[in-house]
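Participant: Please see the structure below; I have some questions.
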Amino acid sequence: MMIRTRPQIAPSLLQSRLSQSRLLQLGMAVLMAVALAPAAGAQPRPTAAAEAAAPPAGNRILAVVNGDPITQAEVTSRSRLFALNVGMGVAPEILARLQPQVLRLAVDERLRIQEIQRRRIGVSDTDIAEAISDIERRNNLAPGSMRNQLRNAGIQPRVLFDQIRAQIGWGRLLRQALGPLGQITDQEVADAIATRRVQEAQAEYLVSEIYLPVDDPANEADVRRFADEVIGQIRRGSAFPVVATQFSQAQTALGGGDLGWVGINQLDPEVVGIVTRMPTGAVSNPIRVAGGFQIVTLRAKREGGTANQLSTVLTIRQVFTAFDRPLDPQAPTDQQRAVVERAQRLSQTLRGCEQVDALPRSSDRPTDPGPIRLEGLNPPALRSMLGGLAIGRPSQPVIAPDGVLLLMVCSREQRNMNEFTPDAARNQILRDRVELLSRQLQRDLRRRAVIEMRG
């Protein structure tokens with residue numbers, strides 16, 4: 001039996017919209033607040049490989065934060081992680097340019113970890129293990145291999161562990177600190193929706209941001225130089241969401257810097273004058289705003305009166321069965337033949353999404369990937385296939401190098417994707433409050449801390 005391959009439609013398209021590369025996924029693991037980590041208080045020691053990759057002065061102390069040292073090896077590892085993620089390379093001169101800002105970020109992170117520990121906010125090993133397993137599955141990595149990838153890249157695993165622990169714990173700390181402010185009243189929601197309706201007559205902008213704080217006026221020139229470095233790398237092709245995840249100090253970093261659709265009254269006045277003149281896809285120069293520098297990119301713009309935009313939203317089911325090894329179309333294995341034959345039988349007999357839900361799970365990929373906007377699907381072949389499928393009827397088997405996929409459309413409806421729902425209003429209000437609280441707490445921690453910079 002000869003298996004002919006179709007144009008590849010990777011199942012991950014229906015599973016994750018964050019995939020750029022494996023190192024990008026390591027960065028996005030930070031964004032998602034997941035990684036392999038030891039129990040709180042038990043930090044893993046650097047491996048011999050990581051120590052060998054560090055410079056000879058790797059144990060030199062660059063800063064002491066409330067008695068807790070930050071070493072050259074830690075800062076170099078974090079610089080390597082960022083440089084590799086964005087494709088900058090890890091030449092010594094590049095790592096040296098990154099070091100001042102990386103060190104400041106490491107200080108802020110250490111302050112957060114200390115505050116998390118002081119308030120006894122923990123992250124369980126089970127939470128961490130489940131999350132890292134999910135990341136590895138999404139990237140077709142063997143269990144436990146993320147740790148080895150970091151070591152092979154000369155990155156101390158502890159660096160990523162600390163970054164993850166700080167993000168998870170900080171998010172929980174903010175939720176705890178919000179207290180009653182975390183409860184959004186119906187009147188506040190109604191006011192937000194009313195304000196949004198007024199804005200719909202005005203232009204709106206789809207914006208992402210990177211926020212770099214200036215905690216000490218003496219450091220402003222260094223932060224500006226680092227912002228210029230970051231902008232140059234983004235303009236040379238590095239992914240904005242990865243850079244935002246690694247270095248932005250706004251809470252939007254957890255979503256790759258995404259601010260969503262905003263009107264001019266939702267932006268800092270200094271940013272408005274830039275965004276309204278930017279072409280789509282452009283990245284701004286550093287913009288001095290209250291507390292630091294902001295870098296923005298304009299992803300799209302819509303004129304007033306176009307807020308009501310209908311889209312086709314699908315609910316689907318997918319059945320994916322993996323091959324035992326990468327497919328060689330000229331020499332398929334017995335297992336690969338069996339997988340294809342089973343998929344062909346299912347495509348002829350399955351009727352209705354209830355039957356798909358009743359099938360035994362054949363992989364870790366979700367049967368229901370959630371609502372999907374048809375117009376945003378790529379590649380076009382996938383969009384065309386799902387657009388033309390009859391409700392409740394499976395597609396023909398889609399053969400990819402790693403397995404076979406069947407798709408079924410359960411429902412197809414028109415929705416106003418830009419509708420500002422009560423849930424969206426609550427989320428926006430909560431996001432704004434969390435952002436303000438995060439910046440206030442970080443400033444308070446720095447003001448109360450004893451920080452000795454030696455680097």
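The values are calculated or read from the model by the stated rules, or taken from the named source; none is laboratory data. The structure displayed is predicted, hence computed values, not measured ones. Heads up, the Cβs are rebuilt from the backbone with ideal geometry, glycines too, and the neighbour counts pull from every protein chain shown.
Participant: What are the residues in segment 354-370 that are touching a strand residue (DSSP E or B) at 6+ places or on another chain (Cβ under 7 Å) and either part of a loop (DSSP other than H, G, I, E, B) or outside the structural domain of residue 408 (by TED's automatic domain parsing) (or both), if any?
Facilitator: Within segment 354-370, 359, 362, 363, 365, 367, 368, 369 meet the criteria.
Participant: Related question: Consider only pairs whose beta carbons are under 8 Å apart and that are at least six residues apart or on different chains; among these, list those whose first residue lies in segment 248-264 and is closer than 15 Å to residue 275 by Cβ and in contact (Cβ under 8 Å) with a residue 24 or more places away in the chain and whose second residue is of a type outside the set (Gly, Ala, Ser) and assigned to a loop (DSSP other than H, G, I, E, B).
Facilitator: From segment 248-264, the pairs are 261/418; 263/202; 264/202; 264/276.
Participant: Related question: Does residue 372 satisfy the criteria of being in contact (Cβ under 8 Å) with a residue 60 or more places away in the chain, among the β-branched types (Val, Ile, Thr) and touching a Cys at 6+ places or on another chain (Cβ under 7 Å)? Break it down stepwise before answering.
Facilitator: On the way: in contact (Cβ under 8 Å) with a residue 60 or more places away in the chain: yes; among the β-branched types (Val, Ile, Thr): yes; touching a Cys at 6+ places or on another chain (Cβ under 7 Å): no.
No: the conditions fail for residue 372.
Participant: Also, I was wondering about something else. For segment 354-364, what are the residues that are touching a Lys or Arg at 6+ places or on another chain (Cβ under 8 Å) and either in contact (Cβ under 8 Å) with a residue 60 or more places away in the chain or farther than 18 Å from residue 398 by Cα (or both)?
Facilitator: Within segment 354-364, 357, 364 qualify.
Participant: Going by the structure shown, is residue 423 without any contact (Cβ under 8 Å) to a residue 12 or more places away in the chain and either buried (at least 16 other Cβ atoms within 10 Å of the Cβ) or closer than 30 Å to residue 260 by Cβ (or both)? Spell out the reasoning first.
Facilitator: Values: without any contact (Cβ under 8 Å) to a residue 12 or more places away in the chain: yes; either buried (at least 16 other Cβ atoms within 10 Å of the Cβ) or closer than 30 Å to residue 260 by Cβ (or both): yes.
In short, yes.
Participant: Listed residues 134, 108; which is surrounded by fewer than 21 Cβ atoms within 10 Å (Cβ to Cβ), out of contact with any Ser or Thr (no Cβ under 6 Å at 6 or more places or on another chain), at pLDDT below 80 and in a helix (DSSP H, G or I)?
Facilitator: Exactly one of 134, 108 is surrounded by fewer than 21 Cβ atoms within 10 Å (Cβ to Cβ), out of contact with any Ser or Thr (no Cβ under 6 Å at 6 or more places or on another chain), at pLDDT below 80 and in a helix (DSSP H, G or I), namely 134.
Participant: Restricting the search to segment 226-254, which residues are in contact with a Pro (Cβ under 8 Å, 6 or more places away or on another chain) and of a type in the set (D, E, K, R)? Write out each step before concluding.
Facilitator: If we filter segment 226-254 for residues that are in contact with a Pro (Cβ under 8 Å, 6 or more places away or on another chain), which is where we start, we get 226-228, 231, 249.
Matches in segment 226-254: 228 only.
Participant: Using the structure shown, decide if residue 404 is at pLDDT 90 or above and touching a Pro at 6+ places or on another chain (Cβ under 9 Å).
Facilitator: yes
Participant: I want to confirm something. Restricting to segment 319-332 and keeping residues that are aliphatic (A, V, I, L, M) and part of a strand (DSSP E or B), which single residue is modelled with the highest pLDDT? So that I can check it myself, show each step before the final result.
Facilitator: From segment 319-332, those aliphatic (A, V, I, L, M) are 319, 322, 327, 331; that's our starting set.
Imposing the further condition that a residue be part of a strand (DSSP E or B) reduces the set to 319, 322.
Numbers: 319: 91, 322: 88.
By that ranking, first place goes to 319.
Participant: Scanning for something surrounded by fewer than 16 Cβ atoms within 10 Å (Cβ to Cβ), within 31 Å of the chain's Cα centre (by Cα) and over 27 Å from residue 414 (Cα atoms), does segment 373-393 turn up at least one residue?
Facilitator: Scanning segment 373-393 turns up no residue that is surrounded by fewer than 16 Cβ atoms within 10 Å (Cβ to Cβ), within 31 Å of the chain's Cα centre (by Cα) and over 27 Å from residue 414 (Cα atoms).
Participant: While we're looking at this one, here's another question. Of all the residues that make up segment 300-318, how many are at pLDDT below 90 and either on the phi < 0 side of the Ramachandran plot or in a strand (DSSP E or B) (or both)?
Facilitator: Of the residues in segment 300-318, the ones at pLDDT below 90 are 300-313.
Add one more test, that the residue is either on the phi < 0 side of the Ramachandran plot or in a strand (DSSP E or B) (or both), and what stays is 300-304, 306-313.
Summing the residues that are at pLDDT below 90 and either on the phi < 0 side of the Ramachandran plot or in a strand (DSSP E or B) (or both) in segment 300-318 gives 13.
Participant: Looking at (1) of a type in the set (A, V, I, L, M); (2) buried (at least 19 other Cβ atoms within 10 Å of the Cβ); (3) over 26 Å from residue 289 (Cα atoms), which is the only condition residue 210 fails?
Facilitator: (3)
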